Amino acid sequence: MREFVACVSLLLVTSGVFGQEPVDYRLPPGIRPLSQTIELRIDPGQPEYSGEVVIRLQVDDDAERIGIYQVGLDLASIALASGEQSRDLEATAGDYEISWLADGKPIRAGQYELTIEFSGRHSTDALSMYRVRFEDNDYIFTQFESMYGRRAMPLFDEPAFKIPYAMTIIAPAEHTVVSNTPVAERSVDDGWQRVEFLPTKPIPSYLIAYALGPLDRARIKGMSVPGYVYTPKGHAGEVGFVQRETPRILEALEDYMGTPYPYRKLDFVAVPEFAFGAMENPGLMTFRTDLLLVGDKAQGQMAVTTLGIIAHEVAHSWFGDLVTMAWWDDLWLNEAFATWWSQYALGRVYPQFEVELRLPQISAFATDQRTTSTAIRRPVRNEQEIFSNLGLNYSKGATVLRMIEDYVGHETWRRGVQHYLNKHAWGNATDVDFWSAISAVAGTDVGSIATGYFNQPGFPVVDINADGNVSQQRYVPYGLDAPDLQWQVPLNIKYKQDGKIRETFFLLEEEAGRIDLPENADWIMPDAGANGYFRWQTAPQQYYSLVDDAAELTDREKIALLDNSEALLNAGRLSLGDYLYVIDALLSEPHPLVLLPVLQKLKSIGNNFIDSSSADLFGRFIDESLVDRYAIMGFEARPGDSEAMLQMRPALVRLLGEYGHDSAVRNSAADVAERYLSSPGAVNSDVGREALRVTALADDGGRYEDYIETYLGSRSARQKSAILSSIYFQNSKIIERHFDFLLSAAVQAGDAIRGIGAYADILDDHATIYGWLGNNLDALEAKIPQYQHALLPERLIGICTDANLQLMQEFFGSRGEKYAESLSKASESLKTCIGRREREREALLAFLDQYAG
């Protein structure tokens with residue numbers, strides 16, 4: 001009990017965010033929680049549960065009512081006590097999922113205990129407190145971020161309310177019960193166990209977590225705190241890789257942050273049904289099963305993904321858990337840093353994966369280039385607004401952080417981060433707090449640079465001509481208009497003159513400026529290091545010279561050059577012929593991870609430029625460019641393959657198998673697919689997945705039963721994930737049958753929409769998709785997580801044709817306002833793609849004509 005009180009005292013000292021102006025979508029200032037006890041009675045085998053919460057409150061000024069969040073709960077009793085006095089309150093539903101508690105009498109300033117008895121039903125959509133049936137066993141898991149805790153229990157469900165929670169769970173005695181903190185006491189009576197957990201440190205409500213059911217566990221040794229990996233029954237033997245590598249990641253984090261891991265334990269839970277990828281609940285982090293159940297050895301993309309997500313979630317222990325954003329408009333403070341740090345950690349701890357060649361800005365640019373894009377920092381009133389452009393919090397945020405780190409220097413940045421964490425530990429912070437801390441250590445105002453990227457949508461395109469004149473404007477895809485904006489752009493400039501490579505720096509603070517550059521430079525690369533969040537263009541001859549001399553660039557810069565060239569194509573600044581010239585120049589790159597994005601760009605061309613009139617020539621181009629490389633590498637991993645080779649091979653075999661004419665590739669795919677279905681451990685899972693896809697694309701549906709039967713009988717999380725993401729049979733009856741299967745209990749809620757979106761990416765004609773949705777939209781939305789509903793148009797962009805655009809607009813345009821924002825973004829992407837294809841058709845045919853005959 002002493003520790004619980006101490007936590008409350010700490011909270012009162014460190015939290016200073018309750019002076020916000022009143023807004024209708026947040027609880028009013030002046031009434032705040034100090035601590036909360038939670039008691040739940042749960043049986044995973046039953047759909048209902050019951051509970052009681054006791055919340056210590058501070059009321060600063062007399063009030064008429066108390067606001068609290070709850071959704072769909074049956075509130076049996078509500079009592080407000082102060083000393084010996086107690087009164088019953090009644091709940092009235094308000095806007096924004098707030099319930100107002102009152103009895104018609106004033107609530108005087110002071111401290112109170114608010115006790116609420118309630119009951120509810122377990123969710124089934126992988127959000128809030130939800131029930132999962134997995135391999136004939138019942139489990140309970142939680143996912144409270146962002147606004148789902150209120151569906152499980154009454155809460156002051158805002159991130160600014162960081163308080164200690166004391167959890168007690170009453171459950172059938174045979175089940176394992178875990179939560180954020182270690183068990184304080186356990187007792188058993190009449191077949192039921194009562195498990196009391198130690199109070200948490202001050203945390204926001206969205207980080208409350210617990211799990212129960214027939215869980216097995218495996219210990220993680222070698223960490224500064226105890227830890228286990230909890231798995232569904234019978235799967236604890238599949239986490240050897242995670243057991244071995246997690247201590248290395250935690251040690252690197254503690255070293256970088258300069259402080260020990262701040263919580264009592266570090267447990268992971270492999271969750272068989274999950275709406276997201278993972279969740280950073282302190283002391284009890286949750287992950288999709290296919291991220292943790294990877295066996296004793298993981299390689300290639302599988303290893304990079306698992307390690308990267310573990311690093312991301314554990315980094316949240318400092319950024320997000322220890323220091324929490326004050327409101328959802330600063331969610332980037334959590335996600336951008338965790339994304340940046342996960343890449344830094346993998347580069348430091350696992351140099352063999354060369355993760356520096358994975359540029360997060362590539363995915364950020366693709367989303368942020370839309371004129372419908374919104375700023376990362378903007379007013380957020382509800383769940384849907386959190387998920388609008390959510391990915392930019394990760395990708396764009398991490399890119400801008402790396403750009404600022406590059407600007408101030410790595411060690412200065414690190415000391416600034418540590419200063420920020422130390423100053424705001426156990427409390428909340430805003431963007432101003434973060435940039436003030438970095439600026440104080442750096443001795444210069446970096447916030448003025450950064451806020452232009454966080455507080456505005458989009459990004460600049462920087463033009464540099466041969467004599468050093470430089471200017472900026474907002475990047476906009478061809479044919480579109482958007483309000484012009486301005487940024488401060490740090491330019492690390494590399495150029496070649498008289499056979500020598502030189503570098504200089506220039507901060508473009510206005511719309512235009514002048515850089516001291518020699519007029520006779522062979523080429524100019526304005527993004528040396530490839531850390532910038534901007535596009536760029538130089539004089540045409542200098543651009544071509546840079547492409548021809550790409551060997552002088554780092555591997556990271558080569559990838560940035562490729563992606564920048566695609567952006568210039570999309571803006572109408574570079575022809576498709578010139579873009580293909582860049583691709584052709586980089587196809588001979590020896591480094592597999594430089595070739596990988598080239599292959600990905602070629603696949604994008606195949607999806608969005610190639611039709612029946614150009615498919616044969618495009619296939620010949622693919623064969624001539626890549627068959628020799630394939631002959632050396634083969635379809636499957638070989639002894640001595642580098643990690644880079646293991647990451648690149650799946651993309652190579654997919655491209656050759658889907659677009660090339662070499663039947664040997666498809667024959668190998670069929671053989672590997674057969675072996676992967678019968679014995680997943682015998683084949684690299686990344687290659688196995690692409691073999692399944694290539695085989696399905698070449699099959700009219702005859703093997704669909706083989707895929708589904710294997711999926712239903714498999715106990716391998718990785719194999720099940722690979723199969724479900726590889727159902728590419730294009731027979732319309734098979735497609736409809738598969739969509740029906742996605743609605744069945746055999747498919748987890750979080751996976752259903754992935755299967756439908758996969759078909760949007762491979763079908764030239766989306767009529768089958770929308771025909772099925774017309775009859776099944778309600779059933780689909782009843783199954784999938786709630787946050788996915790409004791995002792459906794963006795999940796179905798896929799192949800860009802006028803017909804597919806019309807189908808999307810007619811379908812979603814008539815179905816209500818909730819789809820409007822996503823439909824606007826999806827429509828813009830499709831229109832831009834369609835226009836580009838028509839505009840560049842002749843250039844494509846001219847390039848491919850060299851492969852005729």
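Here, each number is a calculation from the coordinates, and none is a lab measurement. Since this is a predicted model, take the numbers as computed values, not measurements. All Cβ positions, even for glycine, are placed from backbone atoms using ideal geometry, and neighbour counts span all protein chains on display.
For this structure, a couple of remarks:
- A straight Cα-to-Cα reach below 15 Å connects K500 with the aspartates and glutamates E519, D522, D549, E552, residues fewer than 8 places away in its own chain not being considered.
- Cα pair distances exceeding 40 angstrom across the chain, given as percent: 39
- Those GluC sites (Glu not before Pro) in region 67-114 that DSSP places in a loop and that have at most 15 other beta carbons within 10 Å: E84
- In a reduced charge model with +1 at each Lys and Arg Cβ and -1 at each Asp and Glu Cβ, region 612-729 shows a dipole moment near 400 debye about its Cα centre.
- The angle between the Cα long axis of helix 643-659 and the longest principal axis of the Cα atoms of the chain comes to about 70 degrees, rounded to the nearest 10.
- Counting only aspartates and glutamates at least 8 places from K162 when in the same chain, those with an alpha carbon closer than 15 Å to its own are E145, D321.
- The residues E557, E552, E135, when put in order of fewest to most other Cβ atoms within 10 Å, stand as E135, E552, E557.
- Taking a ≥ b ≥ c as the square roots of the eigenvalues of the alpha carbon gyration tensor, region 521-594 is rounded, as a/c is under 1.5.
- In degrees, nearest ten, helix 240-257 long axis to first principal axis of the chain (Cα): 80
- Hull-based mean projected area of region 131-246, where the convex hull spans the alpha carbons, in square nanometres: 8.5
- Burial ordering of W341, W328, fewest other beta-carbon atoms within 10 Å first: W328, W341
- Whether region 432-552 is rounded, prolate or oblate, judged on the alpha carbon gyration tensor where a/c under 1.5 counts as rounded: oblate
- Residues Y533, Y478 arranged by fewest to most Cβ contacts within 10 Å: Y478, Y533
- Of the trypsin sites (Lys or Arg not before Pro) found in region 149-220, not one falls in a DSSP loop while having at most 12 other beta-carbon atoms within 10 Å.
- Dipole check for region 730-840: with +1 at the C-beta of Lys and Arg, -1 at the C-beta of Asp and Glu, and the Cα centre as origin, the magnitude is about 120 Debye.
- Only lysines eight or more places from K396 in sequence, or on another chain, were considered; those with a Cα closer than 19 Å are K825.
- Cut-off 12 Å between beta-carbons: net charge of the residues surrounding G750, Lys and Arg +1, Asp and Glu -1: -1
- Averaging the sequence gap over all C-alpha pairs within less than 8 Å and six or more residues apart, then dividing by the number of residues, gives the chain a relative contact order of 8 percent.
- Dipole magnitude of the chain, debye to nearest 20 (Cβ charges: Lys/Arg +1, Asp/Glu -1, about Cα centre): 1280
- The GluC sites (Glu not before Pro) of region 485-545 meeting both criteria, a DSSP state outside H, G, I, E and B (loop) and at most 16 other C-beta atoms within 10 angstrom of the site's C-beta, are E509, E510, E511, E519.
- Over the C-alpha trace of region 246-359, radius of gyration and Dmax come out as 13.7, 40 angstrom.
- Restraint check, K494/K831; K265/K783; K601/K720; K603/K831; K201/K233, Cα-Cα greater than 25 Å: K494/K831; K265/K783; K601/K720; K201/K233
- Between G701, A615, A722, the Cα set farthest toward the positive side of the dipole of region 612-729 (charges on each charged residue's Cβ, about the Cα centre) is that of A722.
- Overall form of region 612-729 per C-alpha gyration tensor (a/c, 1.5; a/b vs b/c): oblate
- Computed from Cα positions, the angle between helix 615-633 and the longest principal axis of the chain comes to roughly 80 degrees.
- DSSP beta bridges fully contained in the chain are about 80 percent antiparallel.
- Charge dipole (the chain, unit charges on Cβ, about Cα centre) - positive-most of A670, T231, S545: T231
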